[in-house]
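What follows draws every value from the coordinates through simple rules; no lab data is involved. Bear in mind that the values here come from a model prediction, so they are computed numbers and not experimental data. Methodologically, a virtual Cβ is constructed for each residue, glycine included, from the backbone with ideal geometry; neighbour enumeration extends over all protein chains shown.
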There are 2 protein chains.
Amino acid sequence: MESFMDSTPKNENHHFGVNFATPRGFLTKLKLGVNEMFFPDDPFRHFKNNNEEKPLRRVLKGVQYFIPIFEWLPTYTWSLFCSDFLAGLAITSLAVPQGINYAKLACLPPIIGLYSSFVPPILYAIFGSSRHMAVGTVASSSIIIYQTISTVAKPEDDPTLYLHLVFTITFVAGAFQACLGILRLGILVDFVSNSTITGFVGGAAVMLCLQQLKGIFGLKHFVTKTDVLTVLKGIWTYRNEIRWETTILGVIFIVFLQFTKYVRKRNSRFFWVSAIGPMTTVIVGSVFTYLVNGKKHGIQTVGHLDKGINPLSIKDINFETKYLPSVLKAGIVIGIMSLADGIAVGRSLSIVENTPYDGNKEMVAFGLMNICGSFTSCYATTGPFSKTAVSYNAGCKTAMTNIVQAFLMALILQYLAPLFGYTPLVALSAIIVSAVLGLINYTQAIHLFKVDKFDFIICMAAFLGVVFVAMDFGLMLSLGLGLVRAMLYVARPKTCKLGKLADVGLYRDVEHYNASTFQGVLIVKLGSPINFANSNYVRERIMRYVRSEEDSNGDIVEHIILDLSGVTSIDTTAIEGLLETKKIFEKNDIQMSFVNPRLEVLEKLILSKFVGMIGEESFFLTLDDAVRASQILLGKAKTNCTDGAVQEINHV
Amino acid sequence: MESFMDSTPKNENHHFGVNFATPRGFLTKLKLGVNEMFFPDDPFRHFKNNNEEKPLRRVLKGVQYFIPIFEWLPTYTWSLFCSDFLAGLAITSLAVPQGINYAKLACLPPIIGLYSSFVPPILYAIFGSSRHMAVGTVASSSIIIYQTISTVAKPEDDPTLYLHLVFTITFVAGAFQACLGILRLGILVDFVSNSTITGFVGGAAVMLCLQQLKGIFGLKHFVTKTDVLTVLKGIWTYRNEIRWETTILGVIFIVFLQFTKYVRKRNSRFFWVSAIGPMTTVIVGSVFTYLVNGKKHGIQTVGHLDKGINPLSIKDINFETKYLPSVLKAGIVIGIMSLADGIAVGRSLSIVENTPYDGNKEMVAFGLMNICGSFTSCYATTGPFSKTAVSYNAGCKTAMTNIVQAFLMALILQYLAPLFGYTPLVALSAIIVSAVLGLINYTQAIHLFKVDKFDFIICMAAFLGVVFVAMDFGLMLSLGLGLVRAMLYVARPKTCKLGKLADVGLYRDVEHYNASTFQGVLIVKLGSPINFANSNYVRERIMRYVRSEEDSNGDIVEHIILDLSGVTSIDTTAIEGLLETKKIFEKNDIQMSFVNPRLEVLEKLILSKFVGMIGEESFFLTLDDAVRASQILLGKAKTNCTDGAVQEINHV
């Protein structure tokens, strides 16, 4: 019953007070809290308010909710399939060299990389919520697997054991991801900030390029550590093994691949040029190596590849206690990282295309992908940025693309696999270098530097940590700094002194706006949750406002008004802190009042008897009310503003 | 130039906009940030704005600032000394049995406990900022020392090594405390919440009482672990050693001591009754044991005590790598805990008495106390609650009380020490039990349960952890839960939907007040820092408001207004999140505007080009402006409020 024009208080003397209604019950608050914590996206909204619906229809809705393929398959059309088929073709042509590649990175038999593009995509197509994600292996997980497991089981010494441990890691990662999804703990992934990802991916890219120097130089020996100093030293040590033939071939391939990217960048219609680039490199490289008899010139090839689709590997899962700590560590790290990667990729496309997306469902889908993958000779998969981008550019419309990919990959495995055994390693190295060069996002780093120095430090910690020490070190350092930063914001919440803006009649930060203050009255706006970590600070800060008031303009503060509207929560330590502050001010004859506490805060203040001790008359709904009351209390008939002008108040 | 009555906007069409002044420079912000982080209490305020002062006077002020004794000594009077002397007498009579006691707890020679009440009090009197703190050893540190060191060096096997390691721990704790003070890292102590302290102290008290059963039952053997199950099992194992003589004596002493406390509680003029209670117990107990030839009845005594004041122990500090990890761990834990204890005690008295107090100076004073203490055969000291309370009740006025205590203790050490060797252990046990019984603050635990369930859980985690596992486990568990809680508040900041209150013309939470909303316009108030940890959540939450709006009253949201006045800071991840949100809404034809961003937030929004991309016209200073703009934009001539009434807007 109100238009926004009625903003003038109708009766200046009417004191419209704070609503001290009875606090809500504990169970109500608990339910609300749990909902906000674990169900911020309200996943069951489709089932609510529809009690008149038929049971069968509700069951169908439930199935559609948990298994997204039933949502889009019933309305699937031939024209959609044509788009999806083309996109599937594009990603398969990328999947073969990428699969072999990343498997090599993880020191696995190359065929495992191909297997990993068969089973997981089918599962994602069924359970995944994103329409555009293309599933496959990624470089970062591959290299983490190698780094973690090679410390307990060298792939050269016992390749079978190593392979089995990799399946186990994949299983652990999948189980962990599925648990996170079922327990709705997407909150953990939230703690990985964009700055961390930027720095981490950049660092990993540099590290990957360094690793590829082995393939490009045609070295037979290489170091196992990944930091830049060790790698450069290693290359210097083995400098006599460098073959000029592979080096030239590698440089040519990289230039070619970079050129295909340049073409796509110039004209997005030529997306397919860069999409078939890797496959072209592999085919040209294989034919060339075969023709010149590459072995004689030191050009190493992938080697023998068996025909046939994925053999079962469920019996190979190995939970021996000797390897368990490393396996669990790697599994959880890979689980979290591939989730963070995959979810970021999927979400950005769902935003651009306005298609459905659900982080918790993605977790379950990723989890099932990796669990089933580990039973069928696949290793850790996620939604790689490169593949997804190719798929999206190729016009992918639904998750059917992944089924096409799986089908084509099955055909390749069944009939063409041995041919790829002739692929020269240098071609694979060139493909990786070209792929990861684009991941070094220095413009984002510059942006961070300009906007937020701390974010830049978090980013550089990840980058330098990965490049100079190790991947997990960089990641942990960066995450730790992020947490420290978040805690510092908790420990030092921003406060500001308010003054009144004559033009709009509202109170604003005096530092930001030229707002007038009132003589003898100090208005402080508190912000953020007030709790044990900042209760001391808040007290000191208020004291300092009082002192600086007296120091700067000799104005003795007689009344302090705390604007609580920005305080989102409070705990018992903070309430005790406020009582202490109140006591200190009482000793100094300073009155204190509180304006507009929010619901949650007011409830706690009532429960802790704070309101009872202070008195309801010290709580005001608006700053105007509080200022007026303070001035009446101080018996002042005049107000003196910062600019020195004095004006009578008409109603006193 | 304004009275608070001028709150009505003079010209409704005047758009008083957001101040987009150039962002402040990086160095300005850095300086401000460092000041808030490390100097929230503005310690150098005395030296500012006084450039006309003479250099000598400024040096004097500096000395007074860093060495507080120079602040109060020049104005010290005879009458002040009389009060201080009486208080000193009271705490010395407590210091002797307490010192012997706690030294026994730490498995140290009893004389070390007496030494510890000589040197440290002098140092505190010089450097400490509190007027009422009384210095001495505490039970919790003593028991932690025993627990940590007995795992690497049993006191029974090599008492000298054990003693030296204890001095080293004291040195480490002191160095750590002094560093914290000099680096102004009082912020670390802030993370220990009152709930943690309540639970921890209660748990430690229960554990201490259990430990005293050894003395009261007169047992010769006892278990080394401290958890309740092990201790009870131990007593059952050694039940044949229980002596009825000591048990009866112990019960009598405890009843006597509790009675003296009761007397003080009934009438605070009889504070001295409870103050001399422990000394009386010791004297009566010693005389009685001597007369009845206690040894024959199984009453064990303290044993031989040497005459003479503290020998030097600087050469005994032992940094052997074998013991270093345990020593560092114990030193840092004790350093933090005794700071948290001591600072809480000192601050509460300074608030009651309105006397100066400075947490960072206290850290330096505590640090010097322990460093110098470790060089002169003392072990870890702090400001114990029991002693300080006695001192304050006895009329202590300045830190001179500590000098009196030190002087009297020196006399005792020089002449009377051997007499205290006859003290029966059961008397000491009774004194400890009686002292710590008062520390179990169950009323506070009930208060926590009523006000804040999570605080109660934090408190009980500390209590149960200490009682059933170990001290450090309980402490760490409780601190960890506190951090998790703080992080959850960061990850799930409270938001609320705003409506307009007709009576005051201001916008308030619709859940808390009966405020009217506008058709097609959704106003959401964000709160707390928005950063990487909650950027996803905030987006989901806003989406949910839009959906629930449409579900509940079929109102299609066409305009979203975000009230940023409660957002205290923002990082780059969150800015990208806001851009994403904006994009999603654009796809759905929903306009978005922002109201009253704070200075720090606006600076980042400008730097990150967010304002440039969104357009300055989407930023408003007041909610009224934003609502008006949204309605003009939507081409609405009518507003429809929640109660269904319709009213013409006069100016459209």
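At what distance in nm do the modelled label points of B:ASN354 and A:PHE407 sit from each other, each positioned 7 Å from its Cα along Cα→Cβ?
My value for the distance between the label points is 8.6 nm.
Only loop residues by DSSP count here, and only those with at most 14 other Cβ atoms within 10 Å; note down the chymotrypsin sites (Phe, Trp or Tyr not before Pro) in segment A:277-341 that meet that. Please report the intermediate quantities before stating the final value.
On the way: sites: A:PHE288, A:TYR290, A:PHE319, A:TYR323; in loops: A:PHE319, A:TYR323.
The qualifying sites are A:PHE319.
Return P(r) of chain A (all Cα-Cα pairs; 20 Å bins starting at 0; whole %; ordered from short to long distances).
Going from the shortest bin to the longest, the percentages are 16, 39, 26, 17, 3, 0.
Using DSSP, restrict attention to beta bridges with both residues in the protein assembly as shown and report what percent are antiparallel, rounded to the nearest 5.
Working: 26 of 54 bridges.
The antiparallel fraction comes to roughly 50 percent.
Among DSSP beta bridges lying fully in chain A, give the percent that are antiparallel, nearest 5.
The antiparallel fraction comes to roughly 50 percent.
If I take R0 = 22 Å and measure r between the Cβ atoms of A:LYS295 and A:TRP236 in this structure, what FRET efficiency does the formula 1/(1 + (r/R0)^6) give, to the nearest 0.05?
Details: r = 26 Å, r/R0 = 1.20.
For R0 = 22 Å, the calculated efficiency reads 0.25.
Using Cβ contacts closer than 10 Å as the measure, can you line up B:LYS497, B:LYS54 from fewest to most?
In increasing order of surrounding Cβ atoms, one gets B:LYS54, B:LYS497.
Which shape class, rounded, prolate or oblate, goes with segment B:35-178 when its Cα gyration tensor gives a ≥ b ≥ c as root eigenvalues, a/c under 1.5 marks rounded, and past that a/b bigger than b/c marks prolate?
Oblate.
Averaging the inverse of every distinct alpha carbon separation and then flipping it gives the Kirkwood radius. What is it for segment A:413-491, in angstrom units?
Taking every pair of different Cα atoms in segment A:413-491, averaging 1/r and inverting gives 15.5 Å.
Could you calculate the FRET efficiency of A:VAL284 with A:ASP157 from 1/(1 + (r/R0)^6), where r is the beta carbon distance between them and R0 is 35 Å, rounded to 0.05?
0.50
Which of A:TYR489, A:TYR507 has the fewest other C-beta atoms within 10 Å, and how do the rest follow up to the most?
Fewest-to-most Cβ neighbours within 10 Å comes out as A:TYR489, A:TYR507.
So, by mean Cβ neighbours within 10 angstrom, what's the order for A:359-369, B:386-396, B:304-314 with the highest one leading?
The packing order, highest mean first, is A:359-369, B:386-396, B:304-314.
Shape of segment A:289-351 from its Cα gyration tensor (a ≥ b ≥ c, root eigenvalues): rounded if a/c is under 1.5, otherwise prolate when a/b > b/c, or oblate?
Oblate, since a/c reaches 1.5 and b/c is not below a/b.
Multiply the residue separation of A:PHE259 and A:PHE66 by 0.36 nm, subtract the distance between their alpha-carbon atoms, and state the gained length in nm to one decimal.
Taking 0.36 nm per residue and subtracting the Cα distance, the gain is 65.1 nm.
Using the 10 angstrom Cβ neighbour count as an exposure proxy, how do A:ARG184, A:ARG239, A:ARG24, A:ARG485 rank, fewest first?
Final ranking by Cβ density, sparse to dense: A:ARG239, A:ARG24, A:ARG184, A:ARG485.
What are the label-to-label distances in nm, one decimal and shortest first, from B:ASN514 to the same spot in the other copies, with labels 7 Å along Cα to Cβ?
4.3
Could you give the length gained by full extension between B:GLU245 and B:VAL273, i.e. 0.36 nm per residue of separation minus their alpha carbon distance, to one decimal place?
The span from B:GLU245 to B:VAL273 would gain 7.4 nm if fully extended.
If the cut-off is 23 Å between C-alpha atoms, which lysines fall inside it for B:LYS104, apart from same-chain ones fewer than 8 positions away?
Answer for B:LYS104, where 23 Å is the Cα cut-off: B:LYS154, B:LYS214, B:LYS220, B:LYS225, B:LYS233, B:LYS295, B:LYS296, B:LYS307, B:LYS329, B:LYS387, listed by chain and number.
Simple spin-label model, 7 Å along Cα-to-Cβ: A:PHE473 to B:LEU328 in nm?
Reported label-point gap for A:PHE473 and B:LEU328 is 1.7 nm.
Order these peptides, A:88-97, B:292-301, by their mean beta-carbon neighbour count within 10 angstrom, highest first.
The packing order, highest mean first, is A:88-97, B:292-301.
For the protein assembly as shown, restrict the atom set to alpha-carbon positions and state the Rg and Dmax in Å.
My reading of the Cα-based Rg and Dmax gives 35.9, 111 Å.
Counting only DSSP beta bridges with both residues in segment A:505-570, what percent are antiparallel, rounded to the nearest 5?
Here the share of antiparallel DSSP bridges comes out near 10 percent.
Report, for B:LEU229, each distance to the same residue's label point in the other copies, shortest first and in nm; define the point 7 Å along Cα→Cβ.
With the label placed 7 Å along Cα→Cβ, B:LEU229 yields 4.8 nm.
When a/c reaches 1.5 or more, the comparison of a/b and b/c decides; with that in mind, is segment B:460-525 rounded, prolate or oblate per its Cα gyration tensor?
prolate
Calculate the mean, over all residues of peptide B:481-490, of how many other protein chain Cβ atoms lie within 10 angstrom of the residue's Cβ.
Mean partner shielding for this stretch: 5.
To the nearest 0.05, how large is the calculated FRET efficiency for A:LYS54 and A:GLU617 if R₀ is 51 Å and r is the Cβ-Cβ distance?
0.30
Can you list the distances in nanometres, one decimal and ascending, from the A:GLY303 label point to the identical position in each other copy, with the point 7 Å along Cα to Cβ?
Computed spacing set for this position: 7.1 nm.
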